[in-house]
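Have a look at the structure below before the remarks.
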Amino acid sequence: MDFWVRFWGVRGSIACPSPDHVRYGGNTSCIEVKAGDTHIILDAGTGIRNLGQSFLERGVREAAMLLTHTHWDHINGFPFFTPGYVGDHRFHIYAGHLAAAGGVERVLAGQMARPMFPVPFEALKARFAFTDFEAGERFELGDAQIRTAPLRHPDGATGYRIEFGGKSICYVTDTEHEPGKPDERVLELIDHADMVIYDSTYTDEEFKEKVGWGHSTWQEGVRLAKLANVKRLAIFHHDPYHDDIFMDGVAEEAKRLFEGSFVAQEGVQIDL
């Protein structure tokens with residue numbers, strides 16, 4: 001049965017459409033996972049607009065959406081997710097950081113409220129369900145098993161492990177590491193995973209000036225992948241100041257340090 005991941009948005013912080021951000025893409029975080037008959041959306045950054053068009057073309061009418069957190073770069077594509085306005089569609093949205101803060105439905109509706117957005121949340125005609133859980137819980141989506149873990153990020157964030165057919169994909173963004181002290185919760189979540197998609201916003205050198213901003217480095221991703229015996233590492237959540245030439249250099253150096261590493265590129269699909 002199918003088990004694959006497709007990158008629809010790989011950028012962090014803010015979308016950056018420009019001639020210097022073509023090979024890797026300028027849209028913010030959005031990933032599609034297909035596990036058998038189950039469609040899973042990871043985050044709703046600007047990449048979800050193109051994903052929505054693809055859903056309409058492929059006739060996909062039902063999916064689960066797992067949000068790491070609700071900072072703008074991970075949800076600001078949601079109002080432009082066209083299937084959400086179509087009545088015969090169904091979507092179940094999950095978040096693991098908002099149970100004590102009013103819930104994910106309130107947050108998504110709030111970003112579509114005036115004066116921030118002209119079309120209200122009530123204009124969505126699809127059937128939506130919302131689940132707020134505590135990061136660390138486990139649940140099932142179809143035949144896929146979902147494990148979660150809390151991440152170190154301002155306002156909270158959740159990491160996910162999707163297991164299906166004896167294979168596993170982990171999605172670990174946004175998270176900040178402590179230099180020289182691997183995050184044990186992340187290591188447990190990604191242990192022996194087939195693929196880990198990791199917050200690689202900065203380099204180790206840049207990180208020195210970004211402590212407290214809630215992000216990690218591609219070098220820390222490599223270190224974690226080695227410690228956890230991960231097969232493949234997807235370098236993800238690229239800083240908008242890192243253009244194609246910069247990311248080419250990251251890809252080359254990361255491959256030298258860990259053969260299973262690669263830089264995530266918008267539009268690329270990888271089969272597990």
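Residue by residue, the stretch 82-92 carries 3J(HN,Hα) couplings of 4, x, x, 9, 9, x, 9, 10, 9, 9, 10 Hz when phi is fed to the Karplus relation 6.51 cos²θ - 1.76 cosθ + 1.60 (θ = phi - 60°); x denotes Gly or Pro. Across the options 268, 235, 56, the greatest Cα extent toward the positive end of the charge dipole of the chain (unit charges at beta carbon of Lys, Arg, Asp, Glu) belongs to 56.
Here each label is just a point 7 Å from Cα along the line to Cβ, and for residue 99 and residue 241 those points are 3.8 nm apart. A full extension of the chain between residue 187 and residue 125 corresponds to an added length of 18.3 nm, given 0.36 nm per residue minus the alpha carbon distance. Checking every one of the trypsin sites (Lys or Arg not before Pro) in the stretch 1-77 against DSSP loop status and a limit of 14 other Cβ atoms within 10 Å picks out 23. Placing pseudo-labels 7 Å out from each Cα toward the beta carbon at residue 18 and residue 60 gives an inter-label distance of 3.0 nm.
Relative to the longest principal axis of the Cα atoms of the chain, helix 244-257 runs at roughly 60 degrees. Look at the dipole of the stretch 3-271 built from charges on Cβ: of 207, 89, 70, the Cα furthest out on the positive end belongs to 89. Helix 218-227 axis versus longest C-alpha principal axis of the chain: approximately 80°, rounded to the nearest ten. Are there any chymotrypsin sites (Phe, Trp or Tyr not before Pro) in the stretch 165-272 that are in a DSSP loop and have at most 15 other Cβ atoms within 10 Å? List them by number. Answer by residue number: 213, 241. The dipole here belongs to the chain: it is taken about the Cα centre, uses +1 on the Cβ of Lys and Arg and -1 on the Cβ of Asp and Glu, and is about 540 debye. Dividing the summed helix terms, -39500 (n - 2.57) for each DSSP H run of n ≥ 4, by the number of residues in the chain produces a 222 nm estimate of -5500 deg cm²/dmol to the nearest 500. Phi angles across the stretch 188-195 convert, under the Karplus curve 6.51 cos²θ - 1.76 cosθ + 1.60 with θ = phi - 60°, into 3J(HN,Hα) values of 5, 5, 9, 3, 6, 6, 6, 8 Hz, Gly and Pro given as x.
Under a Gaussian network description of the chain, with springs only between Cα atoms under 10 Å, the residue in 27, 76, 229 that fluctuates furthest is 229. Taking 170, 30, 16 as the candidate residues, the one with maximal mean-square fluctuation in a Gaussian network model of the chain, Cα springs under 10 Å, is 16. For residue 88 and residue 138, a Förster radius of 35 Å and the Cβ-Cβ distance give a FRET efficiency of 0.70, rounded to the nearest 0.05. Pairs of Cα atoms nearer than 8 Å and 6+ residues apart set the relative contact order; for the stretch 3-271 it is 18 percent. Between residue 253 and residue 106, the contour length at 0.36 nm per residue exceeds the Cα-Cα span by 48.7 nm.
No lab work stands behind these numbers, since they all come straight from the coordinates. Note that the structure is a prediction, hence the values are computed from the model and not measured. Cβ sites come from the backbone with ideal geometry, for glycine too, and all protein chains shown count toward neighbours.
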